[in-house]
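Everything on this sheet refers to the single structure shown next.
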Amino acid sequence: MKRTLTIIVGFSLLSAAGCSSGGLTTREKGAGIGALGGAAAGAIAGAVIPGVSTVEGAIAGAVLGGVLGAVVNNRQYYRD
């Protein structure tokens with residue numbers, strides 16, 4: 001489990017570093033934070049739920065967290 005989580009976090013950091021050439025927008029920051037939080041929550045859920053691996057949980061959590069983070073921050077940006 002530690003190895004899988006390390007790989008996911010490593011790829012997330014690499015992808016975030018690749019996008020930081022011009023500074024991140026509010027939407028991108030929200031998506032990144034949501035993806036990292038979702039991956040962590042999904043990995044934990046995958047370890048607890050029978051029949052779901054930590055990798056599957058982390059991937060699903062990262063996708064959902066990234067989308068929700070981007071949507072929420074986008075709505076907050078246009079509301080202010």
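The values are calculated or read from the model by the stated rules, or taken from the named source; none is laboratory data. Source: prediction; values computed, not measured. Neighbour counts run over all protein chains shown; Cβ positions are idealised from the backbone, glycine included. Just so you know, the surface numbers come from the protein's heavy atoms only, side chains and all, with ligands and any DNA or RNA stripped out. Shrake-Rupley method; radii C 1.70, N 1.55, O 1.52, S 1.80 Å.
Of all residues in segment 20-30, how many are in contact (Cβ under 8 Å) with a residue 24 or more places away in the chain and open to solvent by 30 Å² or more (accessible area, probe 1.4 Å)? Quick ask: steps written out before the conclusion?
Step one: of segment 20-30, the residues in contact (Cβ under 8 Å) with a residue 24 or more places away in the chain are 26-30.
Narrowing the set further to residues that are open to solvent by 30 Å² or more (accessible area, probe 1.4 Å) leaves 26-29.
The qualifying residues number 4.
Go through the residues of segment 69-77 one by one and say whether even a single one is out of contact with any His (no Cβ under 6 Å at 6 or more places or on another chain), outside any helix (DSSP H, G or I) and either closer than 15 Å to residue 8 by Cβ or open to solvent by 40 Å² or more (accessible area, probe 1.4 Å) (or both).
Filtering segment 69-77 for residues out of contact with any His (no Cβ under 6 Å at 6 or more places or on another chain) gives 69-77.
With the extra rule that they be outside any helix (DSSP H, G or I), the set shrinks to none.
Among the residues of segment 69-77, not one is out of contact with any His (no Cβ under 6 Å at 6 or more places or on another chain), outside any helix (DSSP H, G or I) and either closer than 15 Å to residue 8 by Cβ or open to solvent by 40 Å² or more (accessible area, probe 1.4 Å) (or both), which makes the answer no.
Could you please let me know if residue 7 is among the β-branched types (Val, Ile, Thr) and at pLDDT 85 or above? Judged against the criteria, residue 7 is not a match. Can you pull out the residues in segment 56-68 that are open to solvent by less than 80 Å² (accessible area, probe 1.4 Å) and of a type in the set (A, V, I, L, M, F, W, C)? If the condition is that a residue be open to solvent by less than 80 Å² (accessible area, probe 1.4 Å) and of a type in the set (A, V, I, L, M, F, W, C), then 58, 60, 62 are the ones that fit.
Contact map, segment 59-77: residues that are free of Cβ contacts under 8 Å to residues at least 60 places away in the same chain and under 11 Å from residue 27 (Cβ atoms) paired with residues that are surrounded by fewer than 22 Cβ atoms within 10 Å (Cβ to Cβ) and of a type in the set (Lys, Arg), Cβ distance under 9 Å, separation 6+ or inter-chain. Pairs shown: 69/27; 69/29; 70/27; 71/27; 73/27; 73/29; 74/27; 77/27. With respect to the conditions (1) of a type in the set (Gly, Ala, Ser); (2) in contact (Cβ under 8 Å) with a residue 24 or more places away in the chain; (3) open to solvent by 40 Å² or more (accessible area, probe 1.4 Å), residue 53 falls short on a single one, namely (2).
Among the residues of segment 47-63, what is the count of those that are more than 12 Å from residue 4 (Cα to Cα) and in a helix (DSSP H, G or I)? Give the derivation first.
Narrowing segment 47-63 to residues more than 12 Å from residue 4 (Cα to Cα): 48-52, 60-63.
Okay, now just the ones that are also in a helix (DSSP H, G or I), so 48, 60-63.
Counting residues in segment 47-63 that are more than 12 Å from residue 4 (Cα to Cα) and in a helix (DSSP H, G or I) gives 5.
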